Amino acid sequence: MKNIIILILSLNMLFAFPSTEAYFSELSSDNSKVTKNTLKAYDVKDFMLYFNGEITLTGVLERSDNYDMGDNYTALRFYPDNNIDLPFFPVSFEMDLKNQGASKYGDSWDFSGIKFNRLEFGVLLENIKVKLPEPLNTRFLGVAAIRAEVTIKNYHFYAEGEAAREAYGDLVGFKALGDIKTEYFSKDNYNKGGIYYSKLKYNSKDDYVNIRDKANGKIVGKILKNDMINNNAVLLFINGDGIDYVNHEDIETKWLEVFYLPPNAKDGRDAIHGFVHGSQVKFENGSY
């Protein structure tokens, strides 16, 4: 059974694509320009095409959870404005790149013969040194976005035709061009936006379970047994279903990242984000 489930997860990988537009796509513009662009492709390694230089451009900077291969992860993505091109190519394998005009001389590459396409999805950014306003700077139950001018370095992408794709970069500059737009998810629609959180049930003999800021870390909240059983509190395992299926035999030994919505929580604005120990909870459907 476990082998079958792992196979299913592997098949899901074939269809793992970032969204082609921001959740708040109405923030995008058709009339923008690139302020600076010194990007130049210089190497391909492990099916990843790398660029030197940096680019400063406008678009939508968005924080949300993304779903990929059975796992959720917090993502800071930048979606370039509609009339701005970031270089992309459908396949980033050496042989395909050579067939489309790239040349290799010893250990050096020349990609000047490649006619790059436009990137049609958001760049997954690592925030290197930029101070972002809340809630763009943290994981939370919902989506936040802002029109912004950003500077990206270390741009690179992976592409496998119709099988998979992703683009990455380092966020090194940020300028807000408007107000932050935020939508918090609730107990009734927490899987909105294509994210799949698993509900957890209380499984402790104690009257409460501590929520910590990290494994064995500082206590940031409490989950009352009575609230979980009788008062409509909701506890969500937020890292998707991959760990449930593949590692469910020893889930009770792990620290689980969660969102906890107490009885009076209206939406993600009131949720507590932290970690609980797997020995104190169990999955609601009981099949894992």
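Give the number of residues within segment 181-206 that are in contact with a strand residue (DSSP E or B) (Cβ under 7 Å, 6 or more places away or on another chain), over 30 Å from Ser28 (Cα atoms) and not in a strand (DSSP E or B). Walk me through how you get there before you give the answer.
Pass one, segment 181-206, residues in contact with a strand residue (DSSP E or B) (Cβ under 7 Å, 6 or more places away or on another chain): 181-185, 187, 190, 193-203.
Now drop any that are not over 30 Å from Ser28 (Cα atoms), which leaves 198-203.
Subsequent filtering for residues that are not in a strand (DSSP E or B) retains 203.
Count: 1.
Go through Tyr190, Tyr260, Tyr202, Tyr208 for me and flag whichever is surrounded by 19 or more Cβ atoms within 10 Å (Cβ to Cβ), in contact with a helix residue (DSSP H, G or I) (Cβ under 7 Å, 6 or more places away or on another chain) and either at pLDDT 90 or above or not hydroxyl-bearing (Ser, Thr, Tyr) (or both). Reasoning before the result, please.
Working: Tyr190 fails: in contact with a helix residue (DSSP H, G or I) (Cβ under 7 Å, 6 or more places away or on another chain); Tyr260 fails: in contact with a helix residue (DSSP H, G or I) (Cβ under 7 Å, 6 or more places away or on another chain); Tyr208 fails: surrounded by 19 or more Cβ atoms within 10 Å (Cβ to Cβ).
Every option except Tyr202 fails the conditions.
Taking the conditions exactly as written (without any contact (Cβ under 8 Å) to a residue 60 or more places away in the chain and among the aliphatic types (A, V, I, L, M)), does Leu136 satisfy them or not? Walk me through how you get there before you give the answer.
Numbers: without any contact (Cβ under 8 Å) to a residue 60 or more places away in the chain: no; among the aliphatic types (A, V, I, L, M): yes.
When the stated conditions are applied, Leu136 does not pass them.
When you scan segment 25-50, how many residues do you find that are modelled with pLDDT under 95, among the small types (Gly, Ala, Ser) and part of a strand (DSSP E or B)?
0
Residues to consider are Gly217, Gly221; find the one that is more than 30 Å from Glu21 (Cα to Cα), in a loop (DSSP other than H, G, I, E, B), small (Gly, Ala, Ser) and in the same structural domain as Thr253 (by TED's automatic domain parsing). Steps first, please.
Numbers: Gly221 fails: in a loop (DSSP other than H, G, I, E, B).
That would be Gly217, the only listed residue that is more than 30 Å from Glu21 (Cα to Cα), in a loop (DSSP other than H, G, I, E, B), small (Gly, Ala, Ser) and in the same structural domain as Thr253 (by TED's automatic domain parsing).
So how many residues does segment 94-131 have that are aromatic (Phe, Trp, Tyr) and loosely packed, with under 15 Cβ neighbours inside 10 Å? Explain how you work it out, then say what you get.
First, pick out the residues of segment 94-131 that are aromatic (Phe, Trp, Tyr): 105, 109, 111, 116, 121.
Now drop any that are not loosely packed, with under 15 Cβ neighbours inside 10 Å, which leaves 105.
Qualifying residue count for the region: 1.
Limited to segment 1-24, what total is found for residues that are of a type outside the set (S, T, N, Q), surrounded by 15 or more Cβ atoms within 10 Å (Cβ to Cβ) and at pLDDT below 90?
So the count comes out to 4.
Return yes or no: is Tyr168 under 23 Å from the mean Cα position of the chain (by Cα) and crowded, with 16+ Cβ neighbours inside 10 Å?
yes
Please work out if Gly53 is of a type in the set (Gly, Ala, Ser), surrounded by fewer than 16 Cβ atoms within 10 Å (Cβ to Cβ) and either modelled with pLDDT of 95 or more or within 22 Å of the chain's Cα centre (by Cα) (or both). First the steps, then the outcome.
Values: of a type in the set (Gly, Ala, Ser): yes; surrounded by fewer than 16 Cβ atoms within 10 Å (Cβ to Cβ): yes; either modelled with pLDDT of 95 or more or within 22 Å of the chain's Cα centre (by Cα) (or both): yes.
Yes.
Sort through Ala144, Ala164, Ala176 and tell me the only one that's touching a helix residue (DSSP H, G or I) at 6+ places or on another chain (Cβ under 9 Å) and in the same structural domain as Thr74 (by TED's automatic domain parsing).
The conditions single out Ala164.
Does segment 25-50 hold any residues that are of a type in the set (Gly, Ala, Ser) and buried (at least 19 other Cβ atoms within 10 Å of the Cβ), and which are they? Steps first, answer last, please.
Within segment 25-50, the first condition is being of a type in the set (Gly, Ala, Ser), and the residues that meet it are 25, 28-29, 32, 41.
Matches in segment 25-50: Ser28, Ala41.
Output the number of the condition that Arg147 fails; it satisfies all remaining conditions of (1) out of contact with any Ser or Thr (no Cβ under 9 Å at 6 or more places or on another chain); (2) surrounded by 20 or more Cβ atoms within 10 Å (Cβ to Cβ); (3) among the charged types (D, E, K, R).
Here Arg147 clears every test but (1).
Run down Gly274, Gly178, Gly240 and say which single residue is assigned to a loop (DSSP other than H, G, I, E, B), modelled with pLDDT of 95 or more and of a type in the set (Gly, Ala, Ser). Break it down stepwise before answering.
Details: Gly274 fails: assigned to a loop (DSSP other than H, G, I, E, B); Gly240 fails: modelled with pLDDT of 95 or more.
From the options Gly274, Gly178, Gly240, the qualifying one is Gly178.
Among the numbered criteria (1) within 18 Å of Thr35 (Cα to Cα); (2) surrounded by fewer than 16 Cβ atoms within 10 Å (Cβ to Cβ), which one does Phe174 miss?
The one condition Phe174 does not meet is (2).
The values are calculated or read from the model by the stated rules, or taken from the named source; none is laboratory data. Worth saying up front: this structure is predicted, and the values here are computed from it rather than measured. We place every Cβ from the backbone using ideal geometry, glycine too, and count neighbours over all the protein chains shown.
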